[in-house]
Amino acid sequence: MTNMKRTHTCGELRKKDTGRKVTLMGWVHRRRDHGGLIFIDLRDRDGITQVVFNPSIDSEVHKCAHDLKSEYVLSVEGDVNLRPEDTENPNLSTGEIEVIANRIDILNSSIPLPFIIEDDTGVAENLRFKYRFLDLRRSNIQKNLILRHRITKAVRNFLDSHGFIDIETPFLTRSTPEGARDYLVPSRINPGLFYALPQSPQLFKQLLMISGFDKYYQIVKCFRDEDLRSDRQPEFTQIDLEMSFVDMEDVMNLTEELMANIFNETKGMKIDRPFPRLSYQDALDRFGTDKPDIRYGLELKDLTDLLTSSGFKVFTDAIGIGGKVKGINAKGLAVLSRKEIDELIEKSKSYGAKGLAWMKLTDKGIESPITKFLSDDSIKSISKRLEAEKDDLLLFVADTLAVVTEALGRLREDIAEKLNLINEQEYSFVWIIDFPLFEYNDDEKRLEPMHHPFTSPIDEDIPFIEPEPLKVKAKAYDIVLNGNEIGGGSIRIHRKDIQEKMFRAINLGEEEARTKFGFLLDALEYGAPPHGGIAFGLDRLVMIMSGVDTIRDIIAFPKTQKATCLLTNAPSDVSKDQLKELHIKLDIHKI
């Protein structure tokens, strides 16, 4: 560094600063040579300022500016001037002024870039991630990470003001694989034994409640070795909290207040409260998913009772084996061509349906290949239930309830996009409640917890945990934002006898339960208070609030969909000596 000291950032100067002598430091974003004058857009995290090099003011400085290239790092001294009339740039916060340079120092040069530093680079993600340190210079990525910082700051301030204590929990713990795969860490000091990286701090935060801390929170890294999607990473961040002496209403009310505070502090938006609530079953029945986007309608309607005696074999066969027939009204989509309808049919098949029946309501009446199998009364009843009008397209799926729900729920989302029904500026929260405590895993032929085995049943269902487990409802709640589950929580089991019933119901024997969770069972005998909490996916929340399509754009150094880091080439080989120290011998046959 020279003896020049930065006085302002590149996004700070305004019209009121005209006449000031300033020193800016940053990167060359663009260079433009207009004959005698040379213009540099100087960029830092805060913005861009136009710097002018005029040979009549300082010929040496002007000569130096000829050698500047993209991403050179500069220190520039000069005077703030108003831009000449009609040359202002309304797209820049500094667009009314420019700095007339009288001194320049090149702090560092740059070799040619693998891609330009622009918001819309059109560059393949793999190349961006290989040079992530350059990708992070793009203003849209920086804005996402600054928003993330502001969200976590708002969370910390809010929870601190409500009496929560930030307590760290261990990253090296024992493996209790009850869902996704654990990431395992071999122990050098204890040969043959392994730690696991935590999938969540669940048990530790419950132990903190038993320890009497009353209100705990943590913004914490968690790890799951699972297949990745656009909204998943192997390491992710949770806003995790737990409270003692609370019920569901207490946790849900605090959550709503927290979310309203986050949006107010970071986006200046007022979020309406209370958030609407849907039962788990109602969400599936009406929207085909337990994480519905309620910004638009297109609700599923059950037509089974209207079609039990129809002449359409596809419908009657499905009903005959205990299945369902449901439909949705795609308002205004009767204009779709047969080719476009065929595309919807293929989509429905990709979602598990055997096919998709349809009806168009047009000026000429009803067009459909299935009307010849239906009576006029049936058609009228269907149209009435689906609130059909001219120009509407009615879509039907007949199959098992699970297939009907999945296929129509997914088609609902596709149609909403096609109809432009989604207001991207709207944020709609909804609670999903009244979950079953258990679900049946067809692949493994056993019961498993719908959330986790520490979730409390509702009080009146406790007697049914073992004799009729599928009848039991949970004290659980998920929070959904714009069709994305951003958090989930529950009131926890705080009595040892109920926790043991829960373990038995999921076929976790006494010895195995003692091996995996003996420390928790012991702790529950020492005056465990009623407690509950919730955890939010910070990455997913920031993704939604940023308006980006992938979680990787709001994480500084993300992994690819193959769980690799292209910047550091992780995961990588390790030396034989390292493996020997850990008493590990590899048995891998490379193809």
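The values are calculated or read from the model by the stated rules, or taken from the named source; none is laboratory data. What you see is a predicted model; the values in this text were computed from it and never measured. Virtual Cβ from ideal backbone geometry, glycine too; neighbours counted across all protein chains shown. Side chains are part of the model used for accessible areas, which takes the heavy atoms of the whole protein and leaves out ligands, DNA and RNA. Shrake-Rupley method; radii C 1.70, N 1.55, O 1.52, S 1.80 Å.
Answer with one residue from Leu393, Val185, Ser139: the one whose Cα lies farthest towards the positive end of the charge dipole of the chain, charges on Cβ with Lys, Arg +1 and Asp, Glu -1.
Farthest towards the positive end: Ser139.
Give the residue list of chymotrypsin sites (Phe, Trp or Tyr not before Pro) in region 153-225 that are DSSP loop and have at most 16 other beta-carbon atoms within 10 angstrom.
Phe171, Phe213
Sorted by accessible area with a 1.4 angstrom probe, largest first, how do Lys270, Lys360 fall?
Lys270, Lys360
Can you work out the Karplus-derived ³J(HN,Hα) for every residue in region 237-246? Use 6.51 cos²θ - 1.76 cosθ + 1.60 with θ = phi - 60°, whole Hz, and x for glycine or proline.
Once rounded to whole Hz, the list reads 10, 10, 8, 10, 8, 8, 9, 9, 6, 10.
Taking the structure as given and computing semi-axes √(5λ) of the Cα gyration tensor in Å, which label from [x] 72, 29, 22; [y] 51, 37, 24; [z] 65, 27, 18 fits?
Entry [y].
Quick check for you: with a 1.4 Å probe and neighbouring chains kept, what is the accessible area per residue of region 436-591, in Å²?
In whole numbers, region 436-591 has 53 Å² accessible per residue.
Taking H placed 1.01 Å from N in the peptide plane, check which residues at least 5 places from Ser428 or on another chain put their amide H under 5 Å from its amide H.
So Ser428 has HN proximity to Asn482.
For the chain, what relative contact order do you get, as a whole percent, if you take Cα pairs closer than 8 Å and at least 6 residues apart?
Over the chain, the number comes to 13 percent.
Need the C-alpha centroid separation for region 155-229 versus region 435-468, integer Å.
24 Å
For a quick check of your reading of the filter: which GluC sites (Glu not before Pro) in region 416-461 sit in a DSSP loop and have no more than 14 other Cβ atoms within 10 Å?
Glu424, Glu426, Glu444
Within 10 Å, count the other beta carbons around each residue, average over each peptide in 14-21, 393-400, 68-75, 262-269, and list them highest first.
393-400, 68-75, 262-269, 14-21
Compute the separation of the alpha-carbon centres of region 502-542 and region 25-83 and state it in Å as a whole number.
Using only Cα atoms to place each centre, the spacing works out to 61 Å.
Below 8 Å between Cα atoms, with a sequence gap of 6+, how large is the relative contact order for region 337-381 in percent?
20 percent
Considering only DSSP states other than H, G, I, E and B, which trypsin sites (Lys or Arg not before Pro) in region 139-220 qualify as loop sites with at most 14 other Cβ atoms within 10 Å?
Sites meeting the loop and neighbour criteria: Arg188.
According to the Kirkwood expression over distinct Cα-Cα pairs, how big is the hydrodynamic radius of region 138-187, in Å?
14.6 Å
Below 8 Å between Cα atoms, with a sequence gap of 6+, how large is the relative contact order for region 456-591 in percent?
Over region 456-591, the number comes to 17 percent.
Using +1 on the beta carbon of Lys and Arg, -1 on that of Asp and Glu, and nothing else charged, what's the dipole of the chain about the Cα centre, debye to 20?
Taking the Cα centre of the chain as origin, the dipole is about 1240 debye.
Note down the net charge around Gly533, summing +1 for each Lys or Arg and -1 for each Asp or Glu among other residues with Cβ under 9 Å from its Cβ.
My count for the surroundings of Gly533 gives 0.
Okay, helix-only estimate at 222 nm for the chain: each DSSP H run of n ≥ 4 adds -39500 (n - 2.57), divide by all residues, round to 500 deg cm²/dmol; what do you get?
-8500 deg cm²/dmol
What does the convex hull of the Cα atoms of region 158-209 come to per residue, in Å³, rounded to a whole number?
107 Å³
Using the Karplus curve 6.51 cos²θ - 1.76 cosθ + 1.60 with θ = phi - 60°, what ³J(HN,Hα) values do you get for each residue of region 357-374, in whole Hz, with x for Gly and Pro?
Ordered by residue, 3J(HN,Hα) equals 8, 8, 9, 10, 9, 10, 4, 8, x, 8, 10, 5, x, 9, 5, 5, 8, 10 Hz.
With a sphere of radius 12 Å drawn around the Cβ of Arg103, what net charge do the other residues whose Cβ falls strictly inside it have (Lys, Arg +1; Asp, Glu -1)?
-4
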